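Written out below as structure tokens is the structure these notes cover.
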């Protein structure tokens, strides 16, 4: 449990709002959006015997879920897109997922309404799911310290959450066809 609390505190220190997830689960209980907090003193009670979720709306964040399984290579797709555009993917708070993927967290610009998309429907390319603040409740990710399928979500880059790069924002704000 101390590992879960330490990871949740690290997330809060980066301005990411946390909420409880069922132990070993990825799907939160109804009303999770109202439980998301940036108050570290609430963590022992809130996360007792639970996993950690990160709420994008409450955090003012956009997160990229870079999947690595089957034919999907989210990190490679993002790197190729950045290279093609002459851009770089900035260093930002990053969590490794049990499948070998990565969650990259970015600070959303004021008034950002980027929603959540997945399953190859994102304008960034296959293997990249997006979790954003959205219009209402926003998306979420399983947070660091959580264990799903016996495998942990681990902080691999404990640095400040970088601002969402304009080249990513422009693609995500573009009208969908």
- Contact list, first residue from the range 94-113 and at negative phi and surrounded by fewer than 21 Cβ atoms within 10 Å (Cβ to Cβ), second anywhere and at pLDDT below 90 and not in a strand (DSSP E or B), beta-carbon distance below 6 Å, six or more apart or interchain, is 113/135
- For the range 137-170, enumerate the residues that are farther than 27 Å from residue 4 by Cα and touching a helix residue (DSSP H, G or I) at 6+ places or on another chain (Cβ under 8 Å). 167
- Task: Mind listing whichever residues of the range 14-48 are free of Cβ contacts under 8 Å to residues at least 40 places away in the same chain, over 17 Å from residue 98 (Cβ atoms) and either more than 18 Å from the chain's Cα centre (by Cα) or surrounded by fewer than 14 Cβ atoms within 10 Å (Cβ to Cβ) (or both)?
- Result: 29, 30, 31, 34, 39, 40, 41, 42, 43, 44, 45, 46
- Message: Give me the residue from the range 130-145 that is under 17 Å from residue 97 (Cβ atoms) and either without any contact (Cβ under 8 Å) to a residue 12 or more places away in the chain or surrounded by 24 or more Cβ atoms within 10 Å (Cβ to Cβ) (or both) and, out of that set, farthest from the chain's Cα centre (by Cα).
- Response: 145
- Task: Determine whether the range 49-60 contains at least one residue that is at negative phi, in a loop (DSSP other than H, G, I, E, B) and either at pLDDT 95 or above or surrounded by fewer than 18 Cβ atoms within 10 Å (Cβ to Cβ) (or both).
- Result: no
- Message: Let me spell it out: the conditions are (1) surrounded by 14 or more Cβ atoms within 10 Å (Cβ to Cβ); (2) modelled with pLDDT of 95 or more; (3) under 15 Å from the mean Cα position of the chain (by Cα), and residue 10 meets all of them except one. Which number is the exception?
- Response: (2)
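The values are calculated or read from the model by the stated rules, or taken from the named source; none is laboratory data. Since the model is a prediction, treat every value here as computed from it, not as a measurement. Positions of Cβ are backbone-derived with ideal geometry, glycine not excepted, and every protein chain shown enters the neighbour counts.
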